[in-house]
Amino acid sequence: SKKKSQAPEKNTGAENFRWDLKCMYRGVDEPQIDLDIAALVEMIKNFYAAHKGRLGETLSQAITDYANISMLESKVFVYLFLKQSTNVGDAVVKSKIADAKIKLSRASGEYLTFFDIELVALSEEMLAKLYKNYPVVAKYRPWIEHTRIFKPHLLSESVESALTKRSPFGSGSWSEFFDELESDLKFKFQGKNKTLTEMLDLLTESKDAKERARLLKIINLGLGGMFAKYSAQNLYMVVGSKVVEIRERSYKHPMESRNKSNQIPDAVVDALHRAVEDVAGPLARRYYRLKAAHLGLKKLRWSDRNAPMPFSDTTIVPFKEALKIVVDAYQSFSPTLAKLIRKSIKNKRIDAPAGKGRRDGAYNCSIVLPGNIPTSFTFLNYLGSGGDVMTLAHELGHGVHGLLAGQAQGPLMCHAPTAYAETASVFGEMTTYNFLKKRLTAEKNNEALLALIMSKID
């Protein structure tokens, strides 16, 4: 008879940690959502009437008004996005999102398009006076200057307006449908249907090489067929749209737009690419030879790439224990950061369990709600692995960063560029890693220490 895997069904306690979104709305059917969408449309129209052609005189008030629009818009769309994340296929939520996008893209295209175009057209002399005379303009100087670097890439107001109105039906809609299809994927393993998240967790946690190979084969087969065809078409549509945009907006190369958004010079990104190829590549190959030796394999298969060490502890970590590890780790560095995490837990800002129909992966969403109230939400698919503990630490790194940035910078400047934002999250993750490393060193648990270090390299 074939040896059966001993991998148990995972009960981590994560199912008891669901977020409470009543700080925004009490439900998708709450009338206030539609009232807020209508209010946003009116705010956008009023913005146009008050500031179109007058930014040289009204920029201070325009920034204040624009921030208020941004906060209310975040309230509407973030609430719906969070609701959708827990059930990607929810038809009611999808309909509400589509309705909100169509109404607000139409209003934005008609009445907000002028703002960026006129802002970048202001002379340096005019801006110097505004910075000197208006505290609000001075505070938002970094945001203004960042907006102005895109001046060579803006199209005419009529074209920008048309693009904004069409945006609900652009590449983003392909991405959303891709997420929905992915959440519906089922993989048959040991007589039970598994989600992609569950299968990848099993693949990463299994200590049986034959089982890992079987798991990867099931995953590959499950990603084939119609899903593979749709994925290819999705990629074609998204990349094709991007190619047209790059050409029409006169970007020199495909990465220029992203590099400018991230406020990073092309030369820095090029240096990173060279470092990955010339330094990290050989290191990775050297590491995989070491890993194969520890696994007792002459050659690693692709299914062995993230395999745990034979001496690693793959016991499921209950979610409460994971929270304690992460909070203690943050506390060891900064009581202020640990306090922010405790408050997030108390206010039910974490949605933790894995399950059917959920968005894949993990994320943190930090925003500033109307009234200048910084708020942060963390979404997980927690199954209790050591990697899941690190993911929790990573996302909460984004969370504390978002809360502090929201308080200090306000709604228009709280969202850090990608590289900067990931620095905060990786810092939180590495703080937790170093905390565990120090603890294992003190315990002289060398096997567990080596397993931890190798899992981080993985």
Show log10 I(q)/I(0) for the range 16-56 at q = 0.24, 0.33 Å⁻¹, two decimals, from a solvent-free Debye sum over equal Cα scatterers.
-0.81, -1.04
With bins of 10 Å, the percent of all Cα-Cα pairs of the range 343-417 per bin from 0 is 20, 47, 26, 7
Can you give the translational diffusion coefficient of the range 93-207 in µm²/s, computed by Stokes-Einstein from the Kirkwood radius over Cα pairs at 10 °C and 1.306 mPa s?
86
Extension length gain for residue 458 and residue 155 (0.36 nm per residue less Cα distance), in nm, is 104.7 nm
SASA check, residue 334, accessible area w/ 1.4 Å probe, all protein chains in place, rounded to nearest 10 Å², comes out at 20
Cα extents of the range 9-79 along the three principal axes, largest first, in whole Å?
63, 24, 17
If you project the alpha carbons of the chain onto their three principal axes, what span does each projection cover, largest first, in Å?
78, 48, 46
Rounded to a whole number, what % of the accessible area of the chain do carbon and sulfur atoms account for, probe 1.4 Å?
56
Magnitude of the Cβ-charge dipole (Lys and Arg +1, Asp and Glu -1) of the chain about the Cα centre, nearest 20 debye, reported as 1600
Longest principal axis of the chain (C-alpha) makes with the long axis of helix 171-184 (C-alpha) an angle, in degrees to the nearest 10, of 30
Ranking 143, 302 from most to least accessible area with a 1.4 Å probe gives 302, 143
Phi-derived 3J(HN,Hα) across the range 436-444 with the Karplus relation (6.51, -1.76, 1.60, θ = phi - 60°), rounded Hz, x for Gly and Pro, is 5, 4, 5, 5, 5, 5, 5, 7, 6
MRE, 222 nm, helices only [DSSP H, n ≥ 4, -39500 (n - 2.57), over the chain, to nearest 500]:
-21500 deg cm²/dmol
For a quick protection proxy, order the peptides 110-121, 271-282, 159-170 by their average other-Cβ count within 10 Å, most packed first.
110-121, 159-170, 271-282
Peptides ranked, highest mean first, by Cβ atoms within 10 Å: ranges 247-255, 30-38, 68-76, 338-346
68-76, 338-346, 30-38, 247-255
Quick check: net charge around residue 182, other residues with Cβ under 9 Å of its Cβ, Lys/Arg +1 and Asp/Glu -1?
-3
If packing is taken as the mean number of other Cβ atoms within 10 Å per residue, what is the order of 347-353, 393-399, highest first?
393-399, 347-353
So how tilted is helix 209-222 from the main axis of the chain? Cα-based, degrees 0 to 90, rounded to 10.
40
In nm, give the distance between the simple-model label positions of residue 311 and residue 188, each being 7 Å from the Cα along the Cα-to-Cβ direction.
4.1
What is the angle, in °, between the Cα long axis of helix 446-457 and the longest principal axis of the Cα atoms in the chain? Nearest 10 is fine, range 0 to 90.
40
Per the Kirkwood formula on distinct C-alpha pairs, the Rh of the range 275-340 is how many angstrom?
15.1
Dimensions of the range 32-137 along principal axes (Cα, Å, largest first)?
52, 23, 22
Can you give me the Cα centroid spacing of the range 153-172 and the range 179-239 in angstrom?
35
Bin all alpha-carbon pair distances of the range 305-458 at 5 Å intervals from 0 and give each bin's fraction as a whole percent.
2, 9, 17, 22, 20, 14, 9, 4, 2, 1, 0
Using a 1.4 Å probe, what is the accessible area per residue for the range 345-452, in Å²?
43
Given the convex hull of the Cα atoms of the range 191-298, what is a quarter of its surface area in nm²?
10.6
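The values are calculated or read from the model by the stated rules, or taken from the named source; none is laboratory data. Just so it is clear, the structure is predicted and the values come from calculations on it, not from any experiment. So basically every Cβ, Gly included, is an ideal-geometry build from the backbone, and we count neighbours across all protein chains shown. Just the protein is used for accessible areas: all its heavy atoms, side chains included, with ligands, DNA and RNA removed. Shrake-Rupley method; radii C 1.70, N 1.55, O 1.52, S 1.80 Å.
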